[in-house]
1. Top mean-square fluctuation among 160, 147, 292, Gaussian network model of the chain, C-alpha springs under 10 Å?
2. Can you tell me the orientation of helix 272-293 relative to the chain, as the angle in degrees between its alpha-carbon axis and the longest Cα principal axis, to the nearest 10?
3. Out of the DSSP beta bridges found with both residues in the chain, what percent are antiparallel (nearest 5)?
4. Leaving out ligands, DNA and RNA, and with a 1.4 Å probe, what % of the accessible surface on region 7-82 is carbon or sulfur?
5. What is the angle, in °, between the Cα long axis of helix 203-223 and the longest principal axis of the Cα atoms in the chain? Nearest 10 is fine, range 0 to 90.
6. With every protein chain present, what is the per residue accessible area of the chain (1.4 Å probe, Å²)?
7. Against the longest alpha carbon principal axis of the chain, how many degrees, from 0 to 90 and to the nearest 10, is the axis of helix 109-125 turned?
8. Taking only the alpha-carbon positions of region 239-388 and ignoring solvent, what does the Debye formula give for the base-10 log of I(q)/I(0) at q = 0.16 Å⁻¹?
Amino acid sequence: MPTRLSPREILAHLVSFPTVSRDTNLPLIDWVEGYLGGHGIDSHRHYKEAEPDLKAALFAHVGPEEEGGVVLSGHTDVVPVDGQEWTSDPWALTERDGRLYGRGSTDMKGFDALAIWALVEAKHRGVTRPLQLALTYDEEIGCTGAADLVAAMQGVVPKAASAIIGEPTMIKAVTGHKGGVNFWIHVHGVEVHSSILHTGVSAIMWGAKLIEWANAQNAANAAATPGEIAALFDPPYTNVHVGQIHGGTAHNITAKDCAFGMSFRVIPGEDPEDWARRLMEAVTALEAEMKAVHPDAWIQVTRMFDLPPLRPTEGNSAEELVRQVTGDNGVMQVSYGTEASHFQAGGYDAVVCGPSDITIAHKPDEYIEISQLDAGQRFMDGLLERLR
Ligand SMILES: [Zn+2]
């Protein structure tokens, strides 16, 4: 048997792979597969359909071949370090002042390392309830890999009951988050000299009407009385944001093109599809008005990516498990999205719980406190006790 590495040693391996979302994660997956294989654990790979030579997800099962276990899930990709000032090599885990520095140490290779450690421990110590590992790709570019992985696991390993997604929460149970639905909108107008503006269609000025529609949604949502679930969030309503825009060529030409992104952050309990439908109604009405001015004008809406909301549920087995292990009984919701909602949509009880603090993520000199990694190890020990 090869040596059993500590979570910190596993983390050092994981950080050494520069798995920025745009690049390959296969060397990391190879390493995990080899390490688990050395301990007699078989892994399954799911290659990304669009980029099979670049990315794969991995899942593995330890314990009796039966349903009802616990799956620990984390993403393998990290955000880029481009343009950031780092004190030490972001791809070499480095200790300073009680902290371990490296890209992904908090978001979320720290949890990945703990999950890999726990799986190997489960194999050696023995468990009467299964423990599973699920590592995804493409989380940082819209949580787009988790749905693939959840689908790929079905029928290959016995279905777990509870999913713990280890995004950084300081090892507190997060049971709800907003969802998202994101669009890229291309408004196409008709160019004329701006002195005869009324005969052309300015893509910018008509696009602005759609953006004003978004402002009106925000104002109406903010003015409404929040429901019970919405009240748990800050802000307690769905909002819509335009974060990027470009268009136009000169001050005296009506713009032929204007394109912008529009993103909805949707409260659990509301259906993202509902917001998609409302947007399309607004687009259809506006496009008809544009076409009345000139038939060559149009609006194209491209759906970019979706994330379902994570809905707090009664009798959530994953939440109960985390509360038993941590003793945490607080109510915590977050406004950022995670892969937990894809597990919930796939029929799992899901909770978000992992070491370290989300505010450290994505920054230069990202780190994890050694004390948080240790607390994470105690969490995994407690979990293994309950699976014995
Ligand atoms: Zn993350």
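1. The residue that fluctuates most here is 292.
2. 20
3. Of the beta bridges lying entirely in the chain, close to 70 percent run antiparallel.
4. Solvent-exposed carbon and sulfur of region 7-82 make up 51 percent of the total.
5. It works out to around 60 degrees.
6. 42
7. On a 0 to 90 degree scale, this one is about 30.
8. The computed values of log10 I(q)/I(0) come out as -1.04.
The values are calculated or read from the model by the stated rules, or taken from the named source; none is laboratory data. Predicted model, so just to flag it, every value in this text is computed and none were measured. Positions of Cβ are backbone-derived with ideal geometry, glycine not excepted, and every protein chain shown enters the neighbour counts. The protein model used for the area step is the full one, side chains on, heavy atoms only, and it has no ligands, DNA or RNA in it. Shrake-Rupley method; radii C 1.70, N 1.55, O 1.52, S 1.80 Å.
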